[in-house]
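Data first, discussion second: the structure below is written as structure tokens.
The values are calculated or read from the model by the stated rules, or taken from the named source; none is laboratory data. Worth saying up front: this structure is predicted, and the values here are computed from it rather than measured. Don't worry about glycine lacking a Cβ; one is built from the backbone with ideal geometry, like all the others, and counts go over all protein chains shown. Just the protein is used for accessible areas: all its heavy atoms, side chains included, with ligands, DNA and RNA removed. Shrake-Rupley method; radii C 1.70, N 1.55, O 1.52, S 1.80 Å.
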Amino acid sequence: MKLLPDNIRVLYFASLEPYVQIITVKDSKRRQSLCSSEGSEAEEPEYQEEAEDLLPVLSDHSQLLDDNHLESLAAHMPARTKGYPWQLVYSTAVHGTSLKTLYRNMAAFDNPVLLVIKDMHNKVFGAFSSDPFRVSDCCYGTGETFLYSFSPDFKVYRWSGENYYFVRGHLGSLQIGGGGGCFGLWLDGDLYHGSSYSCPTFHNAPLSTHQDFLVQDLEVWTIQN
């Protein structure tokens, strides 16, 4: 008796003449699919992967960030910040409008921070800093620092490598990104007037629809890792 390959089937009809049918892999899979569904409802998979929860745990309710904001930002944070809670360390709604108070509230921290701004045109934007904000005679921070904007779509502007003007804190202003006399993000000592221009550090577009803006609300979160 001669053995035939698995994909060859011999059929005998009334004439007793053999008829050879070649079953392709595609046909075989299709038939298996049909057989598995005949006479019964499609069964649900035994294991179903759950969607990964990208939302960070916040110590307080944010008045500026909704779930969509949080998910977008968390996905672009450095790996070393993943899975750690965010603590609100400064809010204009709670602490008033003072850059000195912001510095004072951050003096005890040595963690990355997220700055969130909502301007008078209801545009949300800000910066992630690898280092907490403080007064310094020179610039500080690392290439993890970036600018972002939700005006109107979410965009992240990462370090271009062109200079190291990440963050610089004065008593009268906070500067993020720079070069050529322009700052990617600038705030005054009252945290009321601000500006955002394209700068060499991040090659960013202006973060708001207006390069010079007024602050409606502001929050600073630290990532507790």
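In the range 179-194, what residues are within 14 Å of Phe125 (Cβ to Cβ), open to solvent by 10 Å² or more (accessible area, probe 1.4 Å) and either of a type in the set (Gly, Ala, Ser) or part of a loop (DSSP other than H, G, I, E, B) (or both)? Before you say what the answer is, go through the steps one by one.
Here is the first cut: in the range 179-194, the ones within 14 Å of Phe125 (Cβ to Cβ) are 183-187, 194.
From the residues that got through so far, the ones that are open to solvent by 10 Å² or more (accessible area, probe 1.4 Å) too are 183, 186.
Residue satisfying the conditions is Phe183 alone.
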Problem set entry | Pairs, first touching a residue at least 12 places away in the same chain (Cβ under 8 Å) in the range 76-102, second open to solvent by 80 Å² or more (accessible area, probe 1.4 Å) and outside any loop (DSSP other than H, G, I, E, B), C-beta under 9 Å, six or more apart | His76/Arg158; Leu88/Val94; Ser98/Arg104
For this session: For the range 87-95, indicate whether the set of residues that are in contact with a strand residue (DSSP E or B) (Cβ under 7 Å, 6 or more places away or on another chain), surrounded by 12 or more Cβ atoms within 10 Å (Cβ to Cβ) and more than 21 Å from Val124 (Cβ to Cβ) is non-empty.
Result: no
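Hey, can you tell me all the residues within the range 57-78 that are of a type outside the set (D, E, K, R) and under 11 Å from the mean Cα position of the chain (by Cα)? I'd like the intermediate steps shown before the answer.
So in the range 57-78, the residues of a type outside the set (D, E, K, R) come out as 57-59, 61-65, 68-70, 72-78.
Correct list: Asn68, His69, Leu70, Ser72, Leu73, Ala74, Ala75, His76, Met77, Pro78.
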Exercise. Of the residues in the range 211-225, how many are buried (at least 16 other Cβ atoms within 10 Å of the Cβ) and in a loop (DSSP other than H, G, I, E, B)?
Worked result: 0
Exercise. Restricting the range 160-178 to residues that are in a loop (DSSP other than H, G, I, E, B) and hydroxyl-bearing (Ser, Thr, Tyr), which is least open to solvent (accessible area, probe 1.4 Å)?
Worked result: Ser160
Exercise. Within the range 114-126, how many residues are open to solvent by less than 40 Å² (accessible area, probe 1.4 Å) and either among the hydrophobic types (A, V, I, L, M, F, W, C) or under 16 Å from the mean Cα position of the chain (by Cα) (or both)?
Worked result: 7
For this session: Can you confirm whether the range 127-143 contains a residue that is assigned to a strand (DSSP E or B) and open to solvent by 40 Å² or more (accessible area, probe 1.4 Å)?
Result: no
Exercise. Given the conditions (1) touching a residue at least 24 places away in the same chain (Cβ under 8 Å); (2) open to solvent by 20 Å² or more (accessible area, probe 1.4 Å); (3) in a loop (DSSP other than H, G, I, E, B), and given that Asp153 satisfies all but one, which numbered condition is not satisfied?
Worked result: (1)
